[in-house]
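Enquirer: Once you've had a glance at the structure underneath, I'll fire off some questions.
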Amino acid sequence: MRYLSTRGNPSSTADSPGPSFSQILLAGLAPDGGLYVPETYPRVTVAELAQWRTLSYAELACAVLGKFIDDIPLADLRRLVGRAYTAEVFGNGRRDGQARDIAPLRWLERPDAARGEAGLAILELSNGPTLAFKDMAMQLLGHLFEYVLAIKGEEITILGATSGDTGSSAEYALRGKQGVHVFMLSPHERMSAFQRAQMYSLHDANIHNIAVRGMFDDAQDIVKAVFKDQAFKARYRIGAVNSINWARVAAQVVYYFKGYFAATDSDRQQVAFAVPSGNFGNICAGHIARMMGLPIGRLVLATNENDVLDEFFRSGVYRPRSAAETRTTSSPSMDISKASNFERFVFDLVGRDPAVVRRLWAAVDAGGSFDLSGTPFLARLPDFGFVSGKSTHADRLLTIRQTYEKYGLMIDTHTADGLKVAAQWRTPEMPMVVLETALAAKFEETIVEAIGCQPVRPPGLQGIEDLPQRVEVVDVSVETVKRLIAQRVDAMSVKDK
Ligand SMILES: *Cc1c(COP(=O)(O)O)cnc(C)c1O
């Protein structure tokens, strides 16, 4: 499998094939500013679907990812995947001390054919070390990085911006990993106390937390600026694990298969997935699973008050917001002004024509917007199965309360946004599976506001806010961040010698 850029450079042709999986694993954007996508989507056959239905999560991951990775021997891939997806990391004791399946499906309402009810379920993706779905991909990434770096005899400096979950997830996946330095920028005082504690209480020598006095997008812009400085980037071997990383998207494809099999008993059935969305990484994986041939009837995109994506799916207008327009909400991991993975989907929507993507993103990158209404592209939207909706703070509170009363389940604020929008799109034809993107314990304040009691903290995370924290607070300055990276990496290299 070769990869190409959504903006056309590199392309992948018979004469000059594009880069392989391992070659883009450690890369961020493609050289032309586009995103890497596979040259074609591998198809899953009827026979494979039947065979995959009974696989364990690790086996399924190997089968799905094997279709996107042809430059890591299958035996090695199996070993790496086997280390990432263990009950110890993902199932055992995170939620309630019970050993569990990885990414289990929990029915809120079981399908009832006699009554014409298709069922409503939650796919539990948040049983990893940081209690958010990002661990599902990130834990594997940690092992893939270490493996590929060891083969190349290289080191890497991971630089990222986070509004909370990505950063902690990356740090827990990469802490102590050989050959990896991690610099994670976060918006100063805009994450929950728990999120801050999770990240800033890590004291591993290779983990560096930097809090930027600004919004998530300011942090993101600094990261982008550092990536644009080719000399600095080469000297310190800067790489990324933010949500544009292709391997993360690929690893997320796996749990759509898992959720599909768990929600059905025949491969002829269809399933709808509802996905609380921000940067469009999670639901992009659902789109890819569907393009591979998994019978996904519907992809329900849910936003919070920052509804740039809902607006697109309703109107065809993609209008990234300014920092000033971006609201801080009680589902903070979805507080985005633009959706960094969206370009991958639009590339498919416009018939994989890089010239069109270049034109559209010339406007976006200049701070503007684009409007596909009235174009043939928008008419194709229904073929891709997407519908959307938005949820507000009041919806979130109500959904959390009702879910607790009706099903005895405490859900987090982001999952509540998903469930709220899912309710608008349920049909008797297919079960609705809502992706759980975090556990309630991460967002205690809002849970207390909704139901008046504290969510139960998983064992081992009680009192985490009291641990000593290590973080550097800086102004919105590219130079300051570069200086910090240079100092710390140089110091580590000297120490090693
Ligand atoms: C990252 C995140 C999201 C948004 O996922 P995207 O892949 O950015 O769309 C939603 N909920 C939680 C809890 C998250 O951490």
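The values are calculated or read from the model by the stated rules, or taken from the named source; none is laboratory data. Since we're looking at a predicted model, the values are computed, not measured. FYI the Cβ positions are ideal-geometry reconstructions off the backbone, even for glycines, and counts take in every protein chain you see. Note: accessible area is taken over every heavy atom of the protein model, side chains too, but ligands, DNA and RNA are not part of it. Shrake-Rupley method; radii C 1.70, N 1.55, O 1.52, S 1.80 Å.
Enquirer: If only one of Gly259, Gly293 is within 16 Å of the ligand (Cβ to nearest atom) and either at pLDDT below 95 or more than 30 Å from Phe216 (Cα to Cα) (or both), which one is it?
Expert: Gly259
Enquirer: Another one. Return a yes/no flag: does region 463-480 have any residue that is hydrophobic (A, V, I, L, M, F, W, C), open to solvent by 20 Å² or more (accessible area, probe 1.4 Å) and closer than 23 Å to Gln230 by Cβ.
Expert: Yes, because at least one residue in region 463-480 is hydrophobic (A, V, I, L, M, F, W, C), open to solvent by 20 Å² or more (accessible area, probe 1.4 Å) and closer than 23 Å to Gln230 by Cβ.
Enquirer: Next up: Are any residues in region 423-451 among the hydrophobic types (A, V, I, L, M, F, W, C), more than 14 Å from the ligand (Cβ to nearest atom) and part of a helix (DSSP H, G or I), and if so, which ones?
Expert: Residues satisfying the conditions are Ala423, Trp425, Val448, Ala450, Ile451.
Enquirer: Check off (1) farther than 24 Å from Gln198 by Cα; (2) buried (at least 18 other Cβ atoms within 10 Å of the Cβ); (3) touching a helix residue (DSSP H, G or I) at 6+ places or on another chain (Cβ under 8 Å) for Ala422 and give me the number that stays unchecked.
Expert: (3)
Enquirer: If we keep just the residues of region 402-420 that are in a helix (DSSP H, G or I) and within 19 Å of the chain's Cα centre (by Cα), which is nearest to Pro455 (Cα to Cα)?
Expert: Going through the qualifying residues, I end up with Thr413.
Enquirer: Of the numbered conditions (1) in contact with a helix residue (DSSP H, G or I) (Cβ under 8 Å, 6 or more places away or on another chain); (2) within 30 Å of Val456 (Cβ to Cβ), Ala87 fails exactly one; give the number of that condition.
Expert: (1)
Enquirer: Let me ask you something else. (1) buried (at least 20 other Cβ atoms within 10 Å of the Cβ); (2) under 19 Å from the mean Cα position of the chain (by Cα): which one isn't true of Met291, the others all being true?
Expert: Exception for Met291: condition (1).
Enquirer: If you don't mind, another one. Within region 351-376, track down each residue that is in contact with a strand residue (DSSP E or B) (Cβ under 9 Å, 6 or more places away or on another chain) and of a type outside the set (A, V, I, L, M).
Expert: Within region 351-376, Arg352, Pro354, Arg359, Trp361, Ser369, Phe370, Asp371, Ser373 qualify.
Enquirer: With region 104-181 as the region, which strands (runs of 3 or more DSSP E) entirely inside it contain at least 3 residues that are in contact with a strand residue (DSSP E or B) (Cβ under 7 Å, 6 or more places away or on another chain) and more than 23 Å from Thr413 (Cβ to Cβ)?
Expert: Output list reads 156-161.
Residue by residue, here is whether (1) modelled with pLDDT of 95 or more; (2) open to solvent by less than 50 Å² (accessible area, probe 1.4 Å); (3) within 16 Å of the ligand (Cβ to nearest atom) holds:
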position	(1), (2), (3)
Val89	no, yes, no
Arg115	no, no, no
Thr130	no, yes, yes
Gln139	yes, yes, yes
Gly160	no, yes, yes
Ser169	no, yes, yes
Gly179	no, yes, no
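Enquirer: What is the one condition in (1) touching a His at 6+ places or on another chain (Cβ under 9 Å); (2) not in a helix (DSSP H, G or I) that Pro459 does not satisfy?
Expert: Result: Pro459 fails condition (1) only.
Enquirer: Is there a residue in region 324-343 that is within 11 Å of the ligand (Cβ to nearest atom), closer than 27 Å to Ala121 by Cβ, in contact with a Cys (Cβ under 7 Å, 6 or more places away or on another chain) and not hydrophobic (A, V, I, L, M, F, W, C)?
Expert: Yes, region 324-343 contains a residue that is within 11 Å of the ligand (Cβ to nearest atom), closer than 27 Å to Ala121 by Cβ, in contact with a Cys (Cβ under 7 Å, 6 or more places away or on another chain) and not hydrophobic (A, V, I, L, M, F, W, C).
Enquirer: Look at region 265-314 and say how many of its residues are of a type in the set (A, V, I, L, M) and within 20 Å of Ala339 (Cα to Cα).
Expert: 12
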